[in-house]
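Heads up, the thing below is written out as structure tokens.
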Number of protein chains: 2
Amino acid sequence: MSDRSGDVARRETGALISSDKVEGTAVYDPAGNSLGSIHSVMIGKTDGKVAYAVLSFGGFLGIGTDYYPIPWAQLRYDTAQHGYVALLTKEQLEGAPRYETAPDWGTRNAGWQADVDRYYRGPAFPSA
Amino acid sequence: MSDRSGDVARRETGALISSDKVEGTAVYDPAGNSLGSIHSVMIGKTDGKVAYAVLSFGGFLGIGTDYYPIPWAQLRYDTAQHGYVALLTKEQLEGAPRYETAPDWGTRNAGWQADVDRYYRGPAFPSA
């Protein structure tokens with residue numbers, strides 16, 4: 001539990017995980033409830049570091065699904081659940097910034113990064 | 001030229017680039033010849049840093065294509081070519097470690113990381 005070096009990673013190599021393995025991997029809350037799955041990760045251009053996971057959540061058969069960018073630091077890989085555990089509840093996620101699914105969601109919502117950072121540092125996360 | 005903050009990135013946000021935008025992006029040698037495209041990136045589990053790009057190169061209509069992991073530091077984004085420029089020639093790439101395309105290529109070739117690091121630090125790259 002609480003380790004990024006899970007089965008997903010082991011399918012690749014000990015210290016590294018492939019981006020196409022991260023994409024599509026399930027995400028759970030700490031109680032084990034499904035929060036959705038990872039659509040993609042956002043990589044810093046200058047430092048090459050993953051800064052956010054874009055969670056796909058909500059809707060039915062893809063209709064009404066939204067993108068929820070969450071700080072990468074909120075995620076831990078859980079070998080038992082074969083997925084990531086996010087350090088937030090479903091209620092906290094439902095209150096988080098969300099964006100309509102579209103290839104250009106990032107540019108269409110220029111302020112998303114500031115909004116996401118503000119939310120995950122804010123009163124909804126008193127322990128942060 | 002020689003900047004990761006190109007058009008691909010701008011479609012997302014100023015400082016970040018989405019993994020699903022990096023995947024499939026063309027890669028060129030410094031002379032502008034096509035070297036293939038990026039299949040995926042390998043992310044460090046503990047530091048969350050992109051360590052390698054896995055280049056898809058060779059073959060015809062996907063048949064005979066191989067995966068060439070190359071150090072992420074070898075790549076720069078080129079706004080003019082709408083793709084990445086790798087700091088290596090086609091001949092250097094042809095001599096580089098390659099692996100048959102398969103979802104589990106990483107575990108099937110446990111020593112790939114050491115082999116790749118050795119090659120890109122070796123005599124084929126005298127300026128490295």
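The values are calculated or read from the model by the stated rules, or taken from the named source; none is laboratory data. Every value quoted in this text rests on a predicted model; they were computed, and no experiment measured them. All Cβ positions, glycine included, derive from the backbone under ideal geometry; neighbour counts span all protein chains shown.
Filtering segment A:38-76 to residues that are at pLDDT below 85, touching a Gly at 6+ places or on another chain (Cβ under 7 Å) and over 24 Å from A:Gly122 (Cα atoms) leaves only A:Gly64.
Look through segment B:40-56, keep the residues that are part of a strand (DSSP E or B) and at the interface with chain A (Cβ under 7 Å from one of its Cβ atoms), and return whichever of them is farthest from B:Asp117 (Cα to Cα). Applying the filter and picking the extreme gives B:Ser40. Residue-level check: of (1) more than 10 Å from chain A (Cβ to nearest Cβ); (2) part of a strand (DSSP E or B), B:Ala114 misses just (2). Just so you know, in segment A:77-102 the residues that are modelled with pLDDT under 85 and part of a loop (DSSP other than H, G, I, E, B) include one that is nearest to A:Gly24 (Cα to Cα), and it is A:His82.
Kindly list, by first and then second residue, each pair from a residue in segment B:64-83 that is under 15 Å from B:His39 (Cβ atoms) to a residue that is part of a helix (DSSP H, G or I) and aromatic (Phe, Trp, Tyr), limited to pairs with Cβ atoms under 8 Å and residues at least 6 apart or on different chains. Pairs that qualify, where the first residue is under 15 Å from B:His39 (Cβ atoms) and the partner is part of a helix (DSSP H, G or I) and aromatic (Phe, Trp, Tyr), are B:Tyr67/B:Trp105; B:Pro69/B:Trp112; B:Ile70/B:Tyr120. Checked against the criterion of being surrounded by fewer than 20 Cβ atoms within 10 Å (Cβ to Cβ) and hydroxyl-bearing (Ser, Thr, Tyr), the candidates B:Tyr84, B:Tyr28, B:Tyr52, B:Tyr77 yield just one match: B:Tyr28.
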